[in-house]
Protein chains: 2
Amino acid sequence: MPTTFPADSVGLVSAQVAEFSVPLALECGKSLPSYQLVYETYGTLNAGRSNAILICHALSGSHHAAGYHSHDDAKPGWWDTCIGPGKPIDTRHFFVVCLNNLGGCAGSTGPLSQNPETGRQYGPDFPVVTVKDWVNSQVRLADFLGIQRWAAVVGGSLGGMQALQWSISHPDRLGHAVVIASTPKLSAQNIAFNEVARRAIISDPEFHQGRYLEKNSAPRNGLMLARMVGHITYLSNVAMGEKFGRELRDQAFKFGLLDAEFQVESYLRYQGERFSQNFDANTYLLMTRVLDYFDPAADFGGDLTQALTHAKCKFLVVAFSTDWRFSPERSEELVSALVGASKCVSYAEIDAPHGHDAFLIPTQRYIDVFSSYMQRIAQEVTHAH
Amino acid sequence: MPTTFPADSVGLVSAQVAEFSVPLALECGKSLPSYQLVYETYGTLNAGRSNAILICHALSGSHHAAGYHSHDDAKPGWWDTCIGPGKPIDTRHFFVVCLNNLGGCAGSTGPLSQNPETGRQYGPDFPVVTVKDWVNSQVRLADFLGIQRWAAVVGGSLGGMQALQWSISHPDRLGHAVVIASTPKLSAQNIAFNEVARRAIISDPEFHQGRYLEKNSAPRNGLMLARMVGHITYLSNVAMGEKFGRELRDQAFKFGLLDAEFQVESYLRYQGERFSQNFDANTYLLMTRVLDYFDPAADFGGDLTQALTHAKCKFLVVAFSTDWRFSPERSEELVSALVGASKCVSYAEIDAPHGHDAFLIPTQRYIDVFSSYMQRIAQEVTHAH
């Protein structure tokens, strides 16, 4: 058991819970009578309450973005590479908040929670939420924390969509939106991959119309397949080639249909199996739908520039060269719309081999760009005092 | 019922069967005691038997490459766009042979056939075959048909791998190899997608270790998922965007987790379901393994140039700009190796939006390049007389 953590770690952290008893109206027409959000914070809120950063998580993320839950934690939070003293989101300057979104399975109200109307778990009855709904729930968390205005809302992938929605829905409540490895809407191919994932879960006989927990079961095979498909789309062809190539598990082909022959096969199976033991299938279905539905331009006749007209914050948009899930072209669409709406936007395309996963990996130029943008925000916050 | 077929169709065709009773030794160490190959022919073999073209099929193809099986056939054979009078593989000049490969489910010996050793269907006991094995079985078909030397061996995707293997294994028995939308070996990403497909089939409870037919069942869900994943990789991002965009099935979101919301979802489900009713799952497993194993350079210390040194035929290599399954870069690897081995090779990268499927679609420049190459072969064959 290590007695100390790395010097640039936020160290030991623990989750907190905020309860909300005023019903939350959702885009789908339903409403949540009450809900809780689990969150973590790192760093210290300054006297002016002006140095708060909201981190929004992606598909399989949680509120645990940085630091360790115990001294024998094998791994830190999911974005520990970017949050901590001296890191891009520098906790010596910022008060960082990260929550688990509604519908999640890490502690916030979601399919695993009790439905007050039935006394049973929500399961498949948990209403379909959207990025807009999430942002509305996050506004209440901000109110609860006494934060009138975020210095920045920051996210990668699905997290970036939330930052973007904040800028449109609540223009007065953030200074900057940092949108990393994201897109203003999914492509048909993105939706198609999500559909395969959903079909894998739904067609698993253990899915039981989403009521698997009542049967003491879970659609693990389906969730494993869903994650395997997802995992391929997170990695670049180049990264997979460099990591696995055509390396065999054994020295020669076994010529078996069912055995894993190549390293990449056993890696994917392992990742899929591990994920399927730790994640809720109904949440996975919800999260893929949140992605599919996101399209902030839709309310403005499909005109993204129009959608962004009322935004007041500044923007940093970052894309990665080998990300084929949300390619640089998708970020460029967003940047063009922002420029068209006369917004202040910085854009960087980072040359990195890791595909979509690159937003989690501290390549030098990424860290440099991200750090320097965040340092400017830290200065603004200090000078405003 | 149409009484006539299009003027550029080979018209009404029917399959023939060739029986082979001499055991075929396979690369996996096993052997097939006897087997049959089902095939079709179009056009007329000339007196010198010098105008024969072998067509090799891809993953889900069959011997039915062109023409119609009956007057009320809804669709012609799978490569009817390229085979027929006036088409690139012009049946006024060529005698065209296309077979269903060993392990297939369209009539040739495969998992659906009776295992003479047990009297039961092979099912999962059908030995794992390879491209080399297929080429060896095709050599016997050539002998059976009295064809000492093919004017050309032609194939797209997995079919192109067979053409390439012919040039290496049997250099004296073909004049040209036409390798379209193919690759000298799969990448880790390609293998990963195949692995997802296999896992989907194997983890379907109806798979029953491959003995589903004995249980009057079939892993249809698994096969559907496998096909859905495959289908995404056959289409380009661009093609999917143009075909489906984010169009909804209904006018507004239903906010249901299980319903198809977008056109692309219902299209994929439909394609997957239809395929799962017409294809054998054990064959699908075999075909994906054939793809994974293909690596003609492996016998030459990984040196593809060395592997191609003994080839004697000429080569046409064709790739498509938006094919991300087997991208132009993969064809360029092959072309570089051929140039390095001092072979005569023509290469065309065709600008086409359809992704990997482009090899089945008659875009003008593709048809022009393919036709003009094949016309040169037709002239050689005529002059040789």
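In the range B:121-133, the residues that are closer than 17 Å to B:ILE201 by Cα reach residues that are in a helix (DSSP H, G or I) and open to solvent by 10 Å² or more (accessible area, probe 1.4 Å) with C-beta atoms within less than 9 angstrom, at least six apart or across chains, in these pairs: B:GLY123/B:GLN209; B:GLY123/B:LEU213; B:GLY123/B:GLU214; B:PRO124/B:GLN209; B:VAL128/B:TYR293. Taken over the range A:315-360, the criterion of being β-branched (Val, Ile, Thr) and open to solvent by 30 Å² or more (accessible area, probe 1.4 Å) is satisfied by A:THR322, A:VAL339, A:VAL345.
Among residues of the range A:36-63 being within 13 Å of A:GLY84 (Cα to Cα) and in a loop (DSSP other than H, G, I, E, B), the one that is least open to solvent (accessible area, probe 1.4 Å) is A:GLY43. Quick one: in the range A:76-120, which of the residues that are in contact (Cβ under 8 Å) with a residue 12 or more places away in the chain and among the hydroxyl-bearing types (Ser, Thr, Tyr) is farthest from A:ALA218 (Cα to Cα)? It comes out as A:THR91.
For the range A:299-326, the tally of residues that are away from every other protein chain (no Cβ under 13 Å) and of a type in the set (Asp, Glu) stands at 1.
Consider the range B:185-233 and keep the residues that are of a type in the set (A, V, I, L, M) and part of a loop (DSSP other than H, G, I, E, B). The one that is nearest to the other protein chains (Cβ to nearest Cβ) is B:LEU186.
Kindly evaluate B:CYS105 against the criterion of being touching a strand residue (DSSP E or B) at 6+ places or on another chain (Cβ under 8 Å), away from every other protein chain (no Cβ under 14 Å) and at negative phi. So B:CYS105 fails the test. Only one residue in B:SER346, B:SER331, B:SER342, B:SER336 is out of contact with any helix residue (DSSP H, G or I) (no Cβ under 6 Å at 6 or more places or on another chain) and more than 23 Å from B:TRP150 (Cβ to Cβ), so which one is that? Only one candidate passes the filter, namely B:SER336. Here A:VAL238 does not fit the description of being open to solvent by less than 20 Å² (accessible area, probe 1.4 Å) and at the interface with another protein chain (Cβ under 10 Å from one of its Cβ atoms).
Inclusion of A:HIS383 among residues that are surrounded by 23 or more Cβ atoms within 10 Å (Cβ to Cβ) and either within 20 Å of the chain's Cα centre (by Cα) or of a type outside the set (Asp, Glu) (or both) is not warranted.
Looking only at the range A:5-35, filter to residues that are in a loop (DSSP other than H, G, I, E, B) and of a type in the set (A, V, I, L, M); which one of those is farthest from the other protein chains (Cβ to nearest Cβ)? Among those that are in a loop (DSSP other than H, G, I, E, B) and of a type in the set (A, V, I, L, M), it is A:ALA7. For the range B:123-138, which residues satisfy the criterion of being buried (at least 18 other Cβ atoms within 10 Å of the Cβ) and outside any loop (DSSP other than H, G, I, E, B)? Listed by number, the residues that qualify are B:GLY123, B:PRO124, B:VAL131, B:LYS132, B:ASP133, B:TRP134, B:VAL135, B:ASN136, B:SER137, B:GLN138.
Restricting to the range B:256-298, name every residue that is open to solvent by 30 Å² or more (accessible area, probe 1.4 Å), within 8 Å of another protein chain (Cβ to nearest Cβ) and within 19 Å of B:ASN100 (Cα to Cα). Within the range B:256-298, no residue meets the criteria. For the range B:196-211, the set of residues classified as hydrophobic (A, V, I, L, M, F, W, C) and open to solvent by 20 Å² or more (accessible area, probe 1.4 Å) consists of B:ILE202 only. Taken as a whole, the range B:203-218 holds at least one residue that is touching a residue at least 24 places away in the same chain (Cβ under 8 Å) and small (Gly, Ala, Ser).
Within the range B:26-39, does at least one residue satisfy the condition of being among the β-branched types (Val, Ile, Thr) and modelled with pLDDT under 95?
Among the residues of the range B:26-39, not one is among the β-branched types (Val, Ile, Thr) and modelled with pLDDT under 95, which makes the answer no.
Of the residues B:SER113, B:SER137, the single one that is over 13 Å from B:LEU54 (Cβ atoms) and hydroxyl-bearing (Ser, Thr, Tyr) is B:SER113. Exactly one residue out of A:HIS71, A:HIS93 is part of a loop (DSSP other than H, G, I, E, B), in contact with a helix residue (DSSP H, G or I) (Cβ under 7 Å, 6 or more places away or on another chain) and farther than 24 Å from A:MET287 by Cα: that is A:HIS93. The set of residues in the range A:241-251 being open to solvent by less than 60 Å² (accessible area, probe 1.4 Å) and more than 8 Å from chain B (Cβ to nearest Cβ) consists of A:LEU248 alone. Looking at A:ARG173, is it within 11 Å of chain B (Cβ to nearest Cβ) and at negative phi? It is false that A:ARG173 is within 11 Å of chain B (Cβ to nearest Cβ) and at negative phi.
The values are calculated or read from the model by the stated rules, or taken from the named source; none is laboratory data. Values in this document were obtained by computation on a predicted structure and should not be read as measured data. Ideal geometry is used to build each Cβ from the backbone, glycine not excepted, and the neighbour counts take in all protein chains shown. Please note that ligands, DNA and RNA were not included when accessible areas were found on the heavy atoms of the full protein model with its side chains. Shrake-Rupley method; radii C 1.70, N 1.55, O 1.52, S 1.80 Å.
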